[in-house]
Every structure is written in structure tokens, then in C-alpha cells.
1. Can you give me the number of residues within the stretch 22-71 that are in a loop (DSSP other than H, G, I, E, B) and under 25 Å from Phe3 (Cβ atoms)?
2. Take the residues in the stretch 11-29 that are surrounded by 12 or more Cβ atoms within 10 Å (Cβ to Cβ) and either under 15 Å from Leu45 (Cα atoms) or among the hydroxyl-bearing types (Ser, Thr, Tyr) (or both); name whichever of them is nearest to the chain's Cα centre (by Cα).
3. How many residues are of a type in the set (S, T, N, Q) and either exposed (fewer than 11 other Cβ atoms within 10 Å of the Cβ) or touching a residue at least 24 places away in the same chain (Cβ under 8 Å) (or both) if we restrict to the stretch 30-63?
Amino acid sequence: MKFETALAELEKTVAKLESDDTPLDEALKLYEKGVELIRICNERLDCAERKIKLLKYGKDGQMTETDFNEQ
């Protein structure tokens, strides 16, 4: 599932959970679905973060490439 799709589904799930007329059993199922969608979104974001590279100028004036997490 793509990040955008998971996020849209998560937003719909949250909206349903926030409605006052959601029965308890359905709310529990929606909660579980939401947790899974959050996991998917986090995995996609982590993957994207690992791919991002930062370009920095070093003390010698040369541009260097570093991983996003090594800031």
C-alpha cells in the first residue's frame, strides 16, 4: 500500500472513530485498522528517510553527501 493511500484510509478511520454513533465493537475494529495503517505509514516514512541524502559543504569547501540520519 502506498503512503498516500494508507494516510487517506487512516484519516477516514479516525473520522469514523470520532463520530459519536460508532458502536463499541466497530470502534475496536477501526482502532485495530488504524494501528495497522499507522505502522504502514511509519514504514514508508522510514524507508523514504533512509533514501534521503544531505549535501553539505565541508571545511575544505568541497560538497559532501551524508545520510539524513547522520545530521
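Throughout, read-outs are computed from the coordinates displayed, never taken from laboratory work. As the structure is a computational prediction, the values presented were derived from the model and not from experiment. Cβ placement follows ideal geometry from the backbone for every residue including glycine, while neighbour counts extend to all protein chains displayed.
1. Filtering the stretch 22-71 down to residues in a loop (DSSP other than H, G, I, E, B) leaves 22-23, 52, 58-62, 71.
Next, from what is left, pick out any that are under 25 Å from Phe3 (Cβ atoms): 52, 71.
Summing the residues that are in a loop (DSSP other than H, G, I, E, B) and under 25 Å from Phe3 (Cβ atoms) in the stretch 22-71 gives 2.
2. For the stretch 11-29, the residue satisfying everything is Thr13.
3. 1
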